[in-house]
Every structure is written in C-alpha cells, then in structure tokens.
Amino acid sequence: MKTLMNPGMAASAYALTQKMQPNPVAAIAKQGQSGNSFADVLEATVGRVHDAGKRADSMAMRSATGKPTDLVEVVTAVAESEAALESLVAVRDRVVAAYEEIMRMPI
C-alpha cells in the first residue's frame, strides 16, 4: 500500500509541528530555575528525547508494516523526535564549551 502525501496532508503536518513546544532550550532553562539541579534537568531532557525517539520509531514501524496509521501523525512524531534531538545536541555543545572555557582559566 503506497500513500502519497498531498498538499493538505503536508499543511496539516506543518500545523501540528507548530503546536509543538516552540523553544525547548528555553523550557529546559526555565526548569533549571525552579530549583532543580542540573543533573535533574539533563536527565529529564534525555528522557524526553528518548521517549520522542521511541514514539517516532514505533509509529514508523507501524506504517512500514502496513498497519493503519495516520501519515500526518508519523511525520509529526518524526519532527518532534528531530527537534528534541537537536535541542539535546545544543545543550551538549553548550556544556562542552563551558567545560573548555573552565579548563582555559588560570589557577
């Protein structure tokens, strides 16, 4: 069974992605301000990335095996997973940059 995406489906997928959290990095920073430790924030972020990845994988597998799935939901799940992973990479890059800056400081 081959499903082609028409412009209406693409527009629906785009509209759903716009409803996602607009700035995950800002949300992480906001969580950190509420008294959580950095480790708690990092663990929650990794957990969200993992959950989003698992959801995208399961929906893609359901679609690939021919089980009834909404193609817009599959595209949305993959987009959410990609956004979560990009946020995690941005946080990792910032942590590495901060560590390198600390290592350059004179004692």
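The values are calculated or read from the model by the stated rules, or taken from the named source; none is laboratory data. All values reported here derive from a predicted model rather than from experimental measurement. Neighbour counts are summed over all protein chains in view; Cβ atoms, including those assigned to glycine, are modelled from backbone coordinates with ideal geometry.
Scanning region 64-88 for residues that are exposed (fewer than 11 other Cβ atoms within 10 Å of the Cβ) and not in a helix (DSSP H, G or I) yields Thr65, Gly66, Lys67, Pro68. Number of residues in region 49-76 that are within 9 Å of the chain's Cα centre (by Cα) and touching a residue at least 24 places away in the same chain (Cβ under 8 Å): the value is 3.
For beta carbons closer than 6 Å, sequence separation of 6+ or different chains, a first residue in region 89-100 that is assigned to a helix (DSSP H, G or I) and a second that is at pLDDT below 90 and among the β-branched types (Val, Ile, Thr), the qualifying pairs are Ala90/Val25.
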